[in-house]
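Take a look at the structure set out below.
The values are calculated or read from the model by the stated rules, or taken from the named source; none is laboratory data. Here the structure is a predicted model, which means the values were calculated and not measured. Here the Cβ is made from the backbone with ideal geometry for all residues, glycine too, and neighbour counts use every protein chain on show.
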Amino acid sequence: MARKTPTERARPAAPPERAKPAQAPSAPSKDLQAFPNPAPERDYVIRFDVPEFTCLCPLTGQPDFAHFTIEIVADKYCVETKSLKQYFWSFRNEGAFHEKVTNTIVSDIVAAIAPRFIRIHADWFVRGGIRTFVTVEERKKGWKPAPRVELPAA
């Protein structure tokens with residue numbers, strides 16, 4: 001029987017490899033889930049920051065990268081965060097122009113939760129020396145935000 005060297009004796013056994021699950025715990029999906037707004041009596045802003053968005057250029061097939069900021073004033077429903085993550089993930093292998101992607105996201109969120117107000121700002125990273133910014137807003141008919149309150153400096 002061969003003797004182990006001090007280095008071999010000091011090394012712990014490698015942990016077993018994690019088995020791949022039969023079904024992934026999450027996957028891309030266009031299904032946006034909603035839950036009841038916990039405070040529908042007041043206007044408040046829900047802000048999502050999505051710094052790692054990717055899709056494909058519809059002309060070249062090369063990846064396009066963007067940073068999305070989403071601001072929502074919910075009405076009766078709020079969008080569920082995990083479903084939003086899976087929704088954004090679903091664009092990864094799709095080809096579309098920046099303007100179409102940004103407008104599609106607004107339309108899909110409006111269809112899912114009918115917010116009082118939504119604004120999406122997309123900062124598309126530099127491609128060919130040009131950086132693109134696309135901002136899309138939609139407000140529910142008749143909704144007006146409360147006037148801004150200016151407080152005196154302390």
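If only residues of segment 103-137 that are farther than 19 Å from F88 by Cα and either part of a loop (DSSP other than H, G, I, E, B) or acidic (D, E) (or both) are counted, the one that is nearest to the chain's Cα centre (by Cα) is R116. When segment 115-154 is limited to residues that are among the charged types (D, E, K, R) and free of Cβ contacts under 8 Å to residues at least 12 places away in the same chain, the one that is farthest from P36 (Cα to Cα) turns out to be R131.
Yes or no, residue by residue, for (1) touching a strand residue (DSSP E or B) at 6+ places or on another chain (Cβ under 7 Å); (2) among the polar types (S, T, N, Q); (3) under 22 Å from S29 (Cβ atoms):
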{"residue": "D64", "(1), (2), (3)": "yes, no, yes"}
{"residue": "G95", "(1), (2), (3)": "yes, no, yes"}
{"residue": "H121", "(1), (2), (3)": "yes, no, no"}
{"residue": "E150", "(1), (2), (3)": "no, no, no"}
{"residue": "A153", "(1), (2), (3)": "no, no, no"}
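Listed by first and then second residue, the pairs with beta-carbon distance under 8 Å, at least 6 apart or on different chains, first residue in segment 41-62 and of a type in the set (S, T, Y), second exposed (fewer than 14 other Cβ atoms within 10 Å of the Cβ), are T54/P63; T54/R92.
Of the residues making up segment 63-97, those that are surrounded by fewer than 18 Cβ atoms within 10 Å (Cβ to Cβ) and more than 30 Å from P38 (Cα to Cα) are P63, F65, R92, N93, E94, G95, A96, F97. When A66, A14 are screened for being in a loop (DSSP other than H, G, I, E, B) and not polar (S, T, N, Q), only A14 passes.
Listed by first and then second residue, the pairs linking a residue in segment 14-36 that is within 25 Å of V79 (Cα to Cα) to a residue that is part of a loop (DSSP other than H, G, I, E, B) and of a type in the set (A, V, I, L, M, F, W, C), with Cβ atoms under 9 Å apart and 6 or more places separating them unless they lie on different chains, are P28/F91. Look at (1) under 22 Å from R139 (Cα atoms); (2) in a strand (DSSP E or B); (3) of a type in the set (V, I, T) and you find that T54 fails only one, number (1).
Go through the residues of segment 41-55 one by one and say whether even a single one is touching a Gly at 6+ places or on another chain (Cβ under 9 Å), within 27 Å of W89 (Cβ to Cβ) and modelled with pLDDT of 95 or more. For segment 41-55, residues touching a Gly at 6+ places or on another chain (Cβ under 9 Å), within 27 Å of W89 (Cβ to Cβ) and modelled with pLDDT of 95 or more: present. For I72, the test of being touching a Pro at 6+ places or on another chain (Cβ under 7 Å), within 19 Å of D31 (Cα to Cα) and β-branched (V, I, T) is passed.
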